[in-house]
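Let me begin by presenting the structure, written as structure tokens, before commenting on it.
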């Protein structure tokens, strides 16, 4: 094998292999951490300047009738050759209006020099902005947004030997940013195992790369090399003090985790799991267990912390209105046009409390989602659910309706529930977990209609959204979300439809577990949102 062929296969291996991120805190002194925060704010300002430039170019392109007409034709046309011709015209218009990656990259060069930012960090920020621009051009994005004051973008260089280079000294990993040298704090066994794996690669990189190339040629699979790809610095404001974390992107799958007794922390089960993921709850049915619980709930109910968030936000609004009466009309609505705001010290203290509470709730939400995903993976290896629909549920209704009292119904839908519970984030975490651990993740077709089928009548019966507990055709009362999960559990992989024979065979066993679950929920006085289960 020639050197050129070897490099080509190695490059292909890097593209095909898995990657994961090791997040650890740095041991940098606080004076240097403040310098990194200042650099992050410079990157934010430079990014905002480039966002303003690209938004202007994109708006000019979108204002042209020809571009809008071509977009409509491209969406309505199914013929591949015609779509290809239309795509070519769209690309030509994008080039003529400078809505291109090349223009975005070149425009960032003078902006980066103006703010004194390293070229590799400026290029990475330009890449992030262009990804947002691509979402507007080719996906469902509307516009790209500015970063507000206080947001701290990460400092990333997508090359391990530039920006934040890595080295090994006395058996420890070190990093450098400018003239500042710093290390990392590996506080638990998992982090130390990851660091040891990276050090073992750096001790003999050529041998491990050769092994990776040979495995790809002979067995057509990728091994875990634990090659460090690049480093990212992430500053965070925690309890009023800045802390600096390093995210090291590593090639391969993450190391397994163990408890203090050296047993694997996560056990992977076998079998099928049907799950109905709602806006606030998840119901699931598996071979060994059925469940109905609130999403993103860890330990005690998060409704208390959600209420604290709302109360703090209302207090902030009262303070803002008291110090800025010139910006509001007599009826309490906000005036139009440019406004100058003054914030009292009381408002700033409330805002700091609110930001900290939001941060804590976000962390707890993410931990709860990961715990639930791991638990579901321990019940089986095939996860069956309905397609994601949270973004559609967040939209306001278009029709104006009037209730029985003659008042207009609110057009708001599930925005607050989705913000607090993150059903899409939960579903994405489950999908990632099952695919990363050798499991199977399946989304049923839209015509599956698990919430409407009745296996006792062998027919689809339309039900109201408010009917949380309802009776089947034979008189059996079931909880709606659980029954949907049971029908997803009875998924036929060949026909991609409901397996009616499995429904009849498994219903009694699963139904007895569902009755025991509801009894347990009532006995422990657990409030399951929108479940219809009443607690005395």
Open item on the list: Considering only segment 488-496, I want to know if a residue exists there that is assigned to a helix (DSSP H, G or I) and within 19 Å of residue 387 (Cβ to Cβ).
Closed with: yes
Task: strands (runs of 3 or more DSSP E) (entirely within segment 150-233) containing at least 1 residues that are buried (at least 19 other Cβ atoms within 10 Å of the Cβ) - done: 172-177, 180-182
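For (1) under 18 Å from the mean Cα position of the chain (by Cα); (2) closer than 28 Å to residue 293 by Cβ; (3) modelled with pLDDT under 90, each residue gets a yes or a no:
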position	(1), (2), (3)
388	yes, yes, yes
392	yes, yes, yes
400	no, no, yes
412	no, yes, yes
419	yes, yes, yes
430	yes, yes, no
Open item on the list: If I filter segment 471-504 down to residues being without any contact (Cβ under 8 Å) to a residue 12 or more places away in the chain, over 30 Å from the mean Cα position of the chain (by Cα) and surrounded by fewer than 16 Cβ atoms within 10 Å (Cβ to Cβ), which single residue comes out as nearest to residue 291 (Cα to Cα)?
Closed with: 477
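Let's see how each residue does on (1) more than 14 Å from residue 193 (Cβ to Cβ); (2) not in a loop (DSSP other than H, G, I, E, B):
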residue: 236; (1), (2): yes, yes
residue: 242; (1), (2): yes, yes
residue: 250; (1), (2): no, yes
residue: 255; (1), (2): no, no
residue: 261; (1), (2): yes, no
Open item on the list: Residue under question is residue 380, and the condition is that it be farther than 24 Å from residue 530 by Cα and either outside the structural domain of residue 492 (by TED's automatic domain parsing) or touching a strand residue (DSSP E or B) at 6+ places or on another chain (Cβ under 6 Å) (or both); does it hold?
Closed with: yes
TODO: Count, please, the residues in segment 403-423 that happen to be within 21 Å of residue 278 (Cβ to Cβ) and without any contact (Cβ under 8 Å) to a residue 12 or more places away in the chain.
DONE: 3
- [ ] With respect to residue 172, determine if the residue is out of contact with any strand residue (DSSP E or B) (no Cβ under 7 Å at 6 or more places or on another chain) and within 22 Å of residue 21 (Cβ to Cβ).
- [x] yes
Open item on the list: Looking only at segment 235-250, how many residues end up being within 19 Å of the chain's Cα centre (by Cα) and closer than 20 Å to residue 357 by Cα?
Closed with: 1
Open item on the list: Can you pull out every residue in segment 1-44 that is touching a helix residue (DSSP H, G or I) at 6+ places or on another chain (Cβ under 6 Å) and within 30 Å of residue 107 (Cα to Cα)?
Closed with: 42, 43
Open item on the list: Restricting to segment 57-81, name every residue that is in a helix (DSSP H, G or I), surrounded by 13 or more Cβ atoms within 10 Å (Cβ to Cβ) and free of Cβ contacts under 8 Å to residues at least 40 places away in the same chain.
Closed with: 60, 61, 62, 67, 70, 71, 73, 74
- [ ] Look at segment 86-100 and say how many of its residues are assigned to a helix (DSSP H, G or I) and without any contact (Cβ under 8 Å) to a residue 24 or more places away in the chain.
- [x] 9
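The values are calculated or read from the model by the stated rules, or taken from the named source; none is laboratory data. Not measured: the values here are computed from a predicted model. Because the Cβ atoms are built from the backbone with ideal geometry, glycine has one as well, and the counts that use them run over all protein chains shown.
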